[in-house]
Amino acid sequence: MCAIFNTHDNMIKNNIKFRAFLIGLTLWSCSVHAQNMVSMSSLHPEADTISAGKKELAIRYPDLRQFGVSFNHFGYSDFDAKLNDRDFAHGKIRTERISTFFNSPAIKWKSNSLSASIYYTYTSTELKEITNRLPDQELAALTTDKSTFDLALNYSRSATIFNRPIIYSLVARGITDGLNDFRRFNLNGSFNLPLKKTENTTFSVGLLVLIDPSSPIPVEPIINYYHKFTSSGLELIVDLPNGINVKKGVAKNAWFKVGSNQRSYTTFYDHHNTFLDGKVSYNTIELNSGAAFEYLFAENMMLTLGGRFSSFLSAKLFKDGENYSDASLRSDNKGAPYLTIGLSLLTF
């Protein structure tokens, strides 16, 4: 009997350790990632790292859907800003964001695949209750409405190395606040190595190289792990550097999921004052944790409703020529709750 209890206790301890390990991986990956949208290479349907159809993949991974639009409403949170490592200003910040994306169908030839992704983000930011701490520089209360356009070209190639499949990918991205010129160009390269593929479990690893001045580090790992527990119907989806989620079907074409996911966003400004003169970009890395409900209707339309808590892992403002390590203005933004509603299209 004691042996049975000891075995049960060990299983519980191992399960807790495993969950802590996964959460730690998410937090570590989020803290070093600074892209508007992570390279799609680890999730690209052409990679064929998961034994599932395209529709099932799109249900499992929202970034693979053909079109999506979402509205996010955040509550107020406190911020403390530093200018050139000096205490600059304190106040409250609130954000509303509308995000849309479109993934084109892939053009395929032999072992190659080429597709395009277009992202549009509308961001409304309000600053209030400002307390300035430097006598010669002043941050005023304001409300701004900004649009950001992001075009990405995704190329992937399937091959073999040492008799094992491998997927190479290259993503070129241009980001702008208008239709006339691009404010930033980024380049991502990656490879993905599938290690396991069964009916209920898949596992692959890879490496992502980032050529981006707003990225904290130039290289980070890719980890994709999926497992469906047949007894409970729970699905564990580890998709780093994007996040970790647990999903459960609650009715026909309806799912409930909880997890943590990271995104980063760029907003461009033109400022001419005593401390910022010229074009600047405001970059945030956000970890969003909470629950969401998804309902599939009309065969290929997905409705998403969620309530989450957003933690700011990084908030920096870059002048032209600056990178992540020498950003002029850095802000410590406290977390805030937010509500999200989204509609997406699965069809490929």
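Data table
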item	result
Residue match in the range 179-196 (condition: of a type in the set (Asp, Glu) and crowded, with 16+ Cβ neighbours inside 10 Å)	no
Any hit, the range 80-91, residues being among the basic types (Lys, Arg) and within 21 Å of Asn333 (Cβ to Cβ)	yes
Some residue of the range 157-180 being touching a strand residue (DSSP E or B) at 6+ places or on another chain (Cβ under 7 Å), under 20 Å from Leu329 (Cα atoms) and at pLDDT below 90	no
Test for Gly321: is it within 28 Å of Asp80 (Cα to Cα), surrounded by fewer than 18 Cβ atoms within 10 Å (Cβ to Cβ) and in contact with a Leu (Cβ under 6 Å, 6 or more places away or on another chain)	no
Members of the range 131-163 found to be among the charged types (D, E, K, R) and either under 20 Å from Thr266 (Cβ atoms) or within 29 Å of the chain's Cα centre (by Cα) (or both), listed by number	Asp145, Lys146, Asp150, Arg157
Residue that is surrounded by the fewest Cβ atoms within 10 Å (Cβ to Cβ) [pool: residues in the range 76-98 that are among the polar types (S, T, N, Q) and assigned to a strand (DSSP E or B)]	Ser77
Any chance Lys252 is loosely packed, with under 12 Cβ neighbours inside 10 Å and either touching a His at 6+ places or on another chain (Cβ under 8 Å) or closer than 22 Å to Glu199 by Cα (or both)	yes
Among residues of the range 99-133, those that are assigned to a loop (DSSP other than H, G, I, E, B) and modelled with pLDDT of 95 or more, counted	0
Scan of the range 293-346 for residues that are in a loop (DSSP other than H, G, I, E, B) and more than 22 Å from the chain's Cα centre (by Cα), ordered by number	Ala298, Glu299, Asn300, Asp320, Gly321, Glu322, Ser328
Scan of the range 142-157 for residues that are out of contact with any helix residue (DSSP H, G or I) (no Cβ under 7 Å at 6 or more places or on another chain) and either touching a residue at least 40 places away in the same chain (Cβ under 8 Å) or outside any strand (DSSP E or B) (or both), ordered by number	Thr144, Lys146, Thr148, Asp150, Ala152, Tyr155, Arg157
Residue that is farthest from Thr121 (Cα to Cα), among those in the range 132-145 that are surrounded by fewer than 12 Cβ atoms within 10 Å (Cβ to Cβ) and in contact with a strand residue (DSSP E or B) (Cβ under 8 Å, 6 or more places away or on another chain)	Ala140
The listed residue being over 30 Å from Arg183 (Cα atoms), in contact with a Gly (Cβ under 8 Å, 6 or more places away or on another chain) and of a type in the set (Ser, Thr, Tyr), out of Thr304, Thr340	Thr304
Exclusive hit being in contact with a helix residue (DSSP H, G or I) (Cβ under 6 Å, 6 or more places away or on another chain) and either over 22 Å from Thr95 (Cβ atoms) or in contact (Cβ under 8 Å) with a residue 40 or more places away in the chain (or both), set Leu276, Leu346	Leu346
Residue that is surrounded by the most Cβ atoms within 10 Å (Cβ to Cβ) [pool: residues in the range 146-171 that are farther than 11 Å from Leu114 by Cα and among the charged types (D, E, K, R)]	Asp150
Counted residues, the range 62-97 - those being hydroxyl-bearing (Ser, Thr, Tyr) and in contact with a Lys or Arg (Cβ under 6 Å, 6 or more places away or on another chain)	2
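The values are calculated or read from the model by the stated rules, or taken from the named source; none is laboratory data. Here the structure is a predicted model, which is why all the values come from computation and not from measurement. Every residue, glycine as well, gets a Cβ built from its backbone with ideal geometry; the counts of neighbours run over all protein chains shown.
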